[in-house]
Amino acid sequence: MNFEPDFRTIITIGYYLVAITTVIYVILDNRPPLKTLSWILVLLLLPIFGLIFYFYFGHNFKKERLFEGKKQLDLARIRRITEEQALDKQFHKKLTSAASKEKVMKLIMRNNKSRLTSQNSLELLPNGSSTFQSILDSLKNAKHHIHFEYYIFEEGKVASEIKSILISKAKEGVVVRFIYDSVGSWDLSSSFIQELEDAGVKVQEFMRVRFHTFTSKINYRNHRKIVVVDGVTGFIGGINISDKYLENDPELGVSWHDTHLKIEGEAVKDLQLIFLTDWYFLSDEEIINEEQYFPQVKIEINNLIQVLASGPDTDYKGVMKAYFSAITSAEKSVHIISPYFIPNESVLTALKSAALGGVEVKIILPGKSDSRIVQYSSQSYFEELLEAGVQIFQYEKGFIHSKILVIDDLLSSIGSANMDFRSFEQNLEVNAIIYSESFAEKVDIIFTEDLSFSKEIHLSHWQLRNRRHRLLESLSRLLAPLL
């Protein structure tokens, strides 16, 4: 009897041979077990789509090569910071002023080489309106240089105002450097960029994604939001450049709510170093040792700050370890706001352990999200967190996009990093870790206000959700390590 396999059989066999080979590769890559199992399920249970999805978003075969040059300059940046810290005679005195968080400081210092600075003036910017106005005012006052680095730069009223100032300043002779992420700013038009370049603005697109580079670059995004003006003033936080913070998002029907931070003082030097390292990675222009970008600034106000940079260009998982260390250091309270909440096992355990140990743990998450699958995945953690005594609230006055952490009314974190796998492992992020009771009090005022617009989730009610909702949670959670 002749056996002639049909075309469909050949395709099926071929697919599973490729899929099994890929599964072996995933296993040999020695990733965290949860992520490995998630990819294996996707590859075996989602024919064709699973393989495509993996090669676009899971394949790390070029990671080392992509970031090799950046790692070298990062080492130079780290050496500079370490040398300056060694010369700081007040270093140990700084540590004792927030002694209960000394272990967190030292971990961030050793893990990320993030120095501790004290002469800093801080202004907390509680919404998009105040943030954009403060940035615009600082840009208008620029005399020497403007450094601008953003994940999302979305054309609209705010973007047009910023563009106008950048063009004007470039024509005045101010050096303007502008970095935007290729994926986050996917819709930024070529004509917009051309206007900037024609005026003399230096523009770099972070890891440009086109068809032939899609699989090697799509997964590594620059999620940072940095502005540095004259090396004296810096901005950091969660707010992107978009009109969604001023008016309703047409897709969600609500506006975005977020928080940002303005810094003047020593910590601006660290933001500058991070920007210049990213700039070199994209342009090969090495200006990290040019002193004109690091002016001496005398600030009489004392606020202890560590600027924490993290991303796939390091092996340290700086943001995740900092969050874990901060949460486990808590003695009284842990207050968190995150738009995308998909904690890994370490952070999840830290949160539950804190609550079980009598620490007040409150988390504010979006009631309405721009990602349904992320929201379902976040909700899959609710029951075990609630059972441990964690209090969970859903914000109802818009889409909350803030990334805030406050520990014991002393340690605060404001920056670009979400509490999820992508911020922990894939994205380039930057956060300011502040050790100050007076500043933490200001952040907690915002937290309390946001709490007043939020609805608490109670365990007894949450357990009544229907089976369909539970199924969607479980399916989304399987994908959580991949999101």
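Some points to look at:
- Of the residues making up the stretch 379-407, those that are of a type in the set (S, T, N, Q) and over 27 Å from Ile434 (Cα atoms) are Gln379, Ser380.
- Any hit, the stretch 331-347, residues being within 15 Å of the chain's Cα centre (by Cα), small (Gly, Ala, Ser) and assigned to a loop (DSSP other than H, G, I, E, B): yes
- Positions within the stretch 204-232 being of a type in the set (Val, Ile, Thr), more than 21 Å from the chain's Cα centre (by Cα) and modelled with pLDDT of 95 or more, in sequence order: Val229, Val232
- Whenever a residue of the stretch 397-408 is at positive phi, its partners that are assigned to a strand (DSSP E or B), lying with C-beta atoms within less than 9 angstrom and at least six residues away or across chains, give the pairs Gly398/Trp256; Gly398/His257; Gly398/Pro366; Asp408/Ser333; Asp408/Val334.
- Condition check for Glu264: charged (D, E, K, R) and over 24 Å from Val176 (Cβ atoms): no
- Number of positions in the stretch 329-352 that are of a type in the set (Ser, Thr, Tyr) and crowded, with 20+ Cβ neighbours inside 10 Å: 3
- Residue that is farthest from Ser423 (Cα to Cα) [pool: residues in the stretch 308-328 that are over 13 Å from the mean Cα position of the chain (by Cα) and open to solvent by 10 Å² or more (accessible area, probe 1.4 Å)]: Thr328
- The criterion of at least 2 residues that are closer than 29 Å to Glu291 by Cα and open to solvent by 10 Å² or more (accessible area, probe 1.4 Å) is met, among strands (runs of 3 or more DSSP E) falling completely within the stretch 155-263, by 175-181, 202-206.
- Among the residues of the stretch 243-263, the ones that are out of contact with any Asp or Glu (no Cβ under 8 Å at 6 or more places or on another chain), at pLDDT 95 or above and among the charged types (D, E, K, R) come to 1 in all.
- Among the residues listed as Leu124, Leu107, the single one being touching a His at 6+ places or on another chain (Cβ under 9 Å) and either closer than 29 Å to Pro312 by Cα or part of a loop (DSSP other than H, G, I, E, B) (or both): Leu124
- Among residues of the stretch 128-141 that are over 15 Å from Ile236 (Cβ atoms), those with a beta-carbon under 7 Å from a residue that is open to solvent by 40 Å² or more (accessible area, probe 1.4 Å) and part of a helix (DSSP H, G or I) at least six positions away or on a different chain give the pairs Leu136/Glu161.
- Extreme residue, surrounded by the fewest Cβ atoms within 10 Å (Cβ to Cβ), among residues of the stretch 353-374 that are over 22 Å from Glu425 (Cα atoms) and of a type in the set (Lys, Arg): Lys368
- When each of Ile288, Ile327 is tested for being farther than 26 Å from Ile407 by Cα and either outside any strand (DSSP E or B) or of a type outside the set (Lys, Arg) (or both), the lone residue that passes is Ile288.
- Some residue of the stretch 355-363 being outside any strand (DSSP E or B), in contact with a helix residue (DSSP H, G or I) (Cβ under 9 Å, 6 or more places away or on another chain), touching a residue at least 40 places away in the same chain (Cβ under 8 Å) and under 30 Å from Asp243 (Cα atoms): no
- Residue match in the stretch 440-461 (condition: in contact with a Gly (Cβ under 6 Å, 6 or more places away or on another chain) and not hydrophobic (A, V, I, L, M, F, W, C)): no
- Here Lys298 does not qualify as touching a residue at least 12 places away in the same chain (Cβ under 8 Å) and buried (at least 24 other Cβ atoms within 10 Å of the Cβ).
The values are calculated or read from the model by the stated rules, or taken from the named source; none is laboratory data. These figures come from a predicted structure and were not determined experimentally. Positions of Cβ are backbone-derived with ideal geometry, glycine not excepted, and every protein chain shown enters the neighbour counts. Protein only, heavy atoms only, side chains kept; ligands, DNA and RNA dropped before computing areas. Shrake-Rupley method; radii C 1.70, N 1.55, O 1.52, S 1.80 Å.
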